[in-house]
Amino acid sequence: HWTLLSVSLLSCLLSAACSVGLALAIALTVHSRGRHLLQGCHSPALPSDARAAIATNDCPFNTTRIYDTALALWFPSMVLVAAEAVLSGRCFLVALIFRGIGPCARRYSKEQV
């Protein structure tokens, strides 16, 4: 029970931190219209909007679809990380009930869980 308690708490905290980080990355990217995604490129030919960026030799990557691709990958990741945080939180509550700790332990018996 102690292993479930500690691992589920750690997983819940890490998932919550990842979801906050992804939400911040999405917000900053949408707010700056992808300018931060092109920060490693030092070309005067790059526009301030990442959606209109062109591939140049000064960039180590293809800049044509970086904005749309980043958001298309980050939104499903955000949903999955939030689901992981919820499930880890529920596992943590079950571990608390098994140990008889907290307010939930008095309402539920081990047989109900």
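Data table
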{"item": "Protection-proxy order for peptides 73-82, 10-19, 89-98, each taking the mean of Cβ atoms within 10 Å per residue, highest first", "result": "89-98, 10-19, 73-82"}
{"item": "Under 14 Å, Cβ to Cβ, from CYS12 - net charge with Lys/Arg +1 and Asp/Glu -1", "result": "0"}
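FYI, it's all coordinate maths here, none of it is from the lab. Only a predicted model underlies this, so the values are computations on that prediction, with no experimental measurement involved. Ideal geometry is used to build each Cβ from the backbone, glycine not excepted, and the neighbour counts take in all protein chains shown.
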